Amino acid sequence: MKVLFLKISFLLVCLFLNFDSFAQTQDHDLKEQHAAHETIDSQKDNDKDHSSHEAEAQVAPPSWAIIPFVLLLLMIATGPLFYEHFWHKNYPKIAVGLAILVIVFYIFILENINFPIHSAFEYIQFISLLASLYIASGGILINIERKASAGTNVIILAIGAVIANLIGTTGASMLLIRPFMRLNQERIKPYHVIFFIFIISNIGGSLTPIGDPPLFLGFLKGVPFVWTITHNFLPWLFAIIVLLLVFYLFDKHNTKKRPLAAEEEPIKNSFSIIGTRNFLWLLVIIIAVFIDPNIFPWVPGIKYHGQSFSFIRELIMLSVAYFSYRFASKKALQGNEFTFEPIREVTFIFIGIFGTMMPALELVSIFAKSEAGIAMINEHSLYWGTGALSGFLDNAPTYLNFLAAGMASQGASINQLNDVRAFAAGGVYENSVIFLKSISIAAVFFGAMTYIGNGPNFMVKSISEERGLKMPSFFGYIIKYSIPFLLPLFLITWLIFFLFQ
């Protein structure tokens, strides 16, 4: 453990030095960047004086501003392991306190209110979707009466990988994690849940904008709805087949045959669902996802700093959360052992993450859009850069930052709808399709690298622990599972679909 902390400290020192070096040499680029943003904002808002004031007010944060974010990550990693009682009692205070510290620094020291407001809007959208899907799916009880086997588990994981593109990775995870654990209750191990996170909570949702938040943000910016299934299908199919095969071999090897007691009757193969009305609530949530002023101009919203925000969608989702629970089948809720603790934990932890990650995201964005960053941009650096940060920062804003950098390297703007559509179509901009593909695949795939890479990961972990399964620690998840199982897969995916394509 000491060696691991020394390695982390070394990486952080390198990170600080790297940020300091480019921050000192990129002042001229930052001024040009802010001037460009000022021009775009003035054209959109017809208010040059207001845009100029906003551009001048936005000062790059110092590198040490990422300390609260790093501290929060370290506490998420070490709290349940070394000071479990203190952590579980105080994590809401710690997460909210660190977030407030960074927000106050932005507003009163950097005099930049834009990042906190954008982060608050994004958090509200994020938690409204997760909470509504969690609560609505909690009222659906899926009973699978069948002998647990590696083959049955593979079928469930494969089905989850498909429906993740229809109801999102969050919806699919919340719908299937409980029946998956019940099916394997006599032999459930952490690897069952971890492969569930790999396949259903992350990589499965690579085919549609509904599947995973990064792809939905791309859709809002102008990437066509069918683009992802057209360009991501082969990498998705390859990754899912490989993971299912590895899981099957792993599960088959670790299966312990339980002798049938003399009085015990053989298990009958049956399948039933209680609480089917909640599928209608899930449908309402999915439809509400598209009620956005950035897609449909007729949707009322708040126009702020180049984007439109509407809370109509969030109000619908939170209303669904209330009514789907209020009128849910009591038998389904009891059968699922439904409680609000998992979503409560996610709510507080991600307040901290959204609040403290602002300096890290901004520093990454500044570097990516600088001359030095643009010179380094190609499909390979975009794949590994987006992927590396998607595991530790929220993968949705990471996707947007690298998409903005990739488009800037081709002379296009992420804030121009026609530019985004042309960038996705290819032809006008050189290598634009492979750039977008590398960002899309990496953001979704690498979200599985840690518990915090994607919202459903933490929820699945929390549900599993609530049901009595001891899950690996933050570092244990990475060292025992992510590195040996995912990194080789991501390396082979890069070789096949990007390096030798």
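The values are calculated or read from the model by the stated rules, or taken from the named source; none is laboratory data. Fair warning: this is a prediction, and the values are worked out from it, not measured in the lab. Counting neighbours? That spans all protein chains shown, and the Cβs are built from the backbone with ideal geometry, glycine included. Heads up: the accessible areas ignore ligands, DNA and RNA and are worked out on the full protein's heavy atoms, side chains in. Shrake-Rupley method; radii C 1.70, N 1.55, O 1.52, S 1.80 Å.
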message = Name the single residue that is farthest from I291 (Cα to Cα) among those in the range 213-233 being more than 20 Å from the chain's Cα centre (by Cα) and not in a helix (DSSP H, G or I).
response = V226
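Among the listed residues I463, I478, which satisfies the condition of being touching a residue at least 12 places away in the same chain (Cβ under 8 Å) and within 17 Å of the chain's Cα centre (by Cα)?
Working: I463 fails: within 17 Å of the chain's Cα centre (by Cα).
After ruling out the rest, the residue left standing is I478.
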remark   = Taking the range 46-66 and keeping only residues that are open to solvent by 20 Å² or more (accessible area, probe 1.4 Å), part of a helix (DSSP H, G or I) and at pLDDT 90 or above, one is left with W64
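Identify all residues within the range 457-480 that are in a helix (DSSP H, G or I), more than 22 Å from R187 (Cβ to Cβ) and polar (S, T, N, Q); write none if there are none. Full working, then the answer.
At the first step, the residues of the range 457-480 found to be in a helix (DSSP H, G or I) are 457-466, 474-480.
Cutting the leftovers down to more than 22 Å from R187 (Cβ to Cβ) gives us 457-459, 474-475, 478-479.
Selection gives N457 alone.
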remark   = Taking the range 234-266 and keeping only residues that are assigned to a helix (DSSP H, G or I), open to solvent by 50 Å² or more (accessible area, probe 1.4 Å) and either farther than 16 Å from K189 by Cα or at pLDDT below 75 (or both), one is left with L234, L237, F238, I241, L245
key: Given (1) in contact (Cβ under 8 Å) with a residue 40 or more places away in the chain; (2) under 25 Å from I127 (Cα atoms), number of the condition N431 does not satisfy   = (2)
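With of a type in the set (S, T, Y), open to solvent by 20 Å² or more (accessible area, probe 1.4 Å) and either at pLDDT 90 or above or closer than 30 Å to K480 by Cβ (or both) as the only criterion, which of S21, S9 stands out? Give the derivation first.
Values: S21 fails: either at pLDDT 90 or above or closer than 30 Å to K480 by Cβ (or both).
Matching residue, one of S21, S9: S9.
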Some residue of the range 349-369 being among the β-branched types (V, I, T), at pLDDT below 85, over 26 Å from F497 (Cβ atoms) and buried (at least 18 other Cβ atoms within 10 Å of the Cβ) = yes
query = Are any of the residues in the range 112-130 farther than 20 Å from A396 by Cα, in contact (Cβ under 8 Å) with a residue 24 or more places away in the chain and over 26 Å from the mean Cα position of the chain (by Cα)?
reply = no
task = Tell me which residues, restricted to the range 319-337, are open to solvent by 30 Å² or more (accessible area, probe 1.4 Å) and modelled with pLDDT under 90.
result = E337
request  = Those residues that are hydroxyl-bearing (S, T, Y) and within 23 Å of V242 (Cβ to Cβ), I need them from the range 166-205; list them, please.
outcome  = T169, S173, Y191, S201
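Yes or no, residue by residue, for (1) touching a His at 6+ places or on another chain (Cβ under 9 Å); (2) open to solvent by less than 30 Å² (accessible area, probe 1.4 Å); (3) over 28 Å from F311 (Cβ atoms); (4) modelled with pLDDT under 90:
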residue	(1), (2), (3), (4)
P68	no, yes, no, no
K93	no, no, no, no
V104	no, no, no, no
L129	no, no, no, yes
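Just give me the residues in the range 145-189 being among the charged types (D, E, K, R) and either surrounded by 19 or more Cβ atoms within 10 Å (Cβ to Cβ) or assigned to a helix (DSSP H, G or I) (or both), in sequence order. Working first, answer last.
Within the range 145-189, the subset among the charged types (D, E, K, R) is 145-147, 178, 182, 186-187, 189.
The answer is R178, R182.
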Residues of the range 182-203 satisfying the condition of being of a type in the set (A, V, I, L, M, F, W, C) and at pLDDT 95 or above = V193, I194, F195, F196, I197, F198, I199, I200, I203
